[in-house]
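Since the structure comes first, as structure tokens, the remarks are kept for the end.
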């Protein structure tokens, strides 16, 4: 057999392999995009299931909420002994917390959060809250589950990623991460069976020490209130240490707001002075 014939025979043997490679290349090129789209669809489906579990349209259309309960403080996950009663009214843009520590100097103790302003009102009058306390409250509001669904998801530039399943506090959890166009992120864990939120977490850069800090809110003991699933135990952690627990005694939605609502000056004028 001539050299030309051998070459032609060898080429014929290579042809099926080349055809297979040619067919595989377009499929391989499509796989990452298809995989990314599939992951996003799965993440959106998980968040939709969470919203339906929380109350669906009823949860989405809430104008305000009222919560009454107690707050326990912790340091390095150990109780500090501080325990206060609280009454809280919240709207999408403002929050008011009335507290009673049952000590003379903290009688009529009120905290107001509106926009990026945070005020504390006592018998001594009103004063701005410490920057770190105010910043923490603003971060918590901007990374809440309500904000994730009502604001972040409506931004077409937000990436929504399904992180798969894992164990969280003995629960099989589905985790979804939202990343905005500023590379800020929210991680939400949902119970794989009930679809109710188990936790919400976010990380941020400390403006003084420039290290990365992580805050977490954990939710448990859900009760159906006015058609909305409401966690009656909320645990807050900072860099893995428990810092606060809230125990809800009563909750309601779309209620009349207290007199003067979130008007700092009007509230300060009415606080009883001793």
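The numbers here are math on the coordinates, done by the rules we state, and not lab data. This structure is a prediction, so every number in the text was calculated from the model and none was measured. Cβ atoms come from the backbone with ideal geometry, glycine included; neighbour counts cover every protein chain shown.
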Using alpha-carbon pairs under 8 Å, 6+ residues apart, how would you state the relative contact order of segment 57-270 in percent? 21 percent
Euclidean distance of C-alpha centroids, segment 237-274 and segment 64-140, integer Å: 6 Å
What is the list of residues in segment 242-274 whose amide nitrogen lies under 19 Å from a point 7 angstrom out from the Cα of residue 117, following Cα to Cβ? 258-271
At a Förster distance of 22 Å, what's the computed FRET efficiency of residue 177 paired with residue 241, Cβ-Cβ distance as r, to 0.05? 0.45
Describe numerically, in nm with one decimal, the distance between label points set 7 Å from Cα along Cα→Cβ at residue 194 and at residue 208. 3.9 nm
Subtracting the Cα-Cα distance from 0.36 nm times the residue separation, let me have the gained length for residue 40 to residue 220 in nm, one decimal. 62.1 nm
For the pair residue 165 and residue 142, the simple spin-label estimate (label points 7 Å beyond Cα toward Cβ) gives in nm 3.5 nm
